[in-house]
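First the structure, in the form of structure tokens, and then the observations on it.
Here, each number is a calculation from the coordinates, and none is a lab measurement. Bear in mind the structure is a predicted one, so any value in this text is a computation, not a measurement. A quick note on method: Cβ atoms are made from the backbone with ideal geometry, for glycine too, and the neighbour counts reach across all protein chains shown.
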Amino acid sequence: MGAAGEGFLAKEYGYVVLVLVFYCFFNFWMAFQVGKARKKYKVFYPTLYALESENKDAKLFNCVQRGHQNSLEMMPMLFILMILGGMRHPCISAGLGMGYIVTRYFYFTGYSSGDPQKRLSIGKFGFFALMGLMICTISFGVHLLIA
């Protein structure tokens, strides 16, 4: 029996795998930023969001928390689109995945500034990466059906 994936996945699929792992490290970094914000703004576990009536820095903390939470909400879609679309288009999917991570960084840091509108300056372009990944995944599905 050959090496794992031999004959089914192109060796370039390794790029997809590495980008997915890179996003995991990026997620850890965002979680660490939330932890730092918890200490700075005195929002203790298990409180998910601070209340403005109880904490003068609630909005600042909530922006950091929300930036991370939204990234977690989008992660399953990113992962499934990269995993499936990358089976047919590994280099394109990996490139789109890296583009998504870069835009997500700006989304998170913009949101964390305390001004939620700043998340959209560069962060809004992440949706183009997701659309590209959807196209790659549709291409994979159509290819399976007609092959």
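Tabulated results
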| quantity | calculated |
| --- | --- |
| Tally, over the stretch 102-116, of residues that are closer than 17 Å to LEU20 by Cα and surrounded by 18 or more Cβ atoms within 10 Å (Cβ to Cβ) | 2 |
| Count of residues meeting criterion [assigned to a helix (DSSP H, G or I) and closer than 20 Å to LYS59 by Cα] in the stretch 113-147 | 6 |
| Some residue of the stretch 59-66 being touching a residue at least 60 places away in the same chain (Cβ under 8 Å), of a type in the set (A, V, I, L, M, F, W, C), part of a helix (DSSP H, G or I) and touching a Ser or Thr at 6+ places or on another chain (Cβ under 7 Å) | no |
| Set SER93, SER71, SER53: member being in contact with a Cys (Cβ under 9 Å, 6 or more places away or on another chain) and either under 24 Å from SER121 (Cα atoms) or assigned to a loop (DSSP other than H, G, I, E, B) (or both) | SER93 |
| Tabulated pairs, the stretch 19-42, first touching a residue at least 60 places away in the same chain (Cβ under 8 Å), second surrounded by 12 or more Cβ atoms within 10 Å (Cβ to Cβ) and of a type in the set (Val, Ile, Thr), C-beta under 8 angstrom, 6+ apart or interchain | VAL19/ILE101; LEU20/ILE83; PHE22/ILE101; TYR23/ILE101; PHE26/ILE101; GLN33/VAL64; ALA37/VAL43; ALA37/VAL64 |
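Conditions tested, residue by residue: (1) within 17 Å of the chain's Cα centre (by Cα); (2) charged (D, E, K, R).
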| position | (1), (2) |
| --- | --- |
| LYS42 | no, yes |
| LEU48 | no, no |
| CYS63 | yes, no |
| ARG66 | yes, yes |
| LEU78 | yes, no |
| MET87 | no, no |
| SER113 | no, no |
| LEU120 | yes, no |
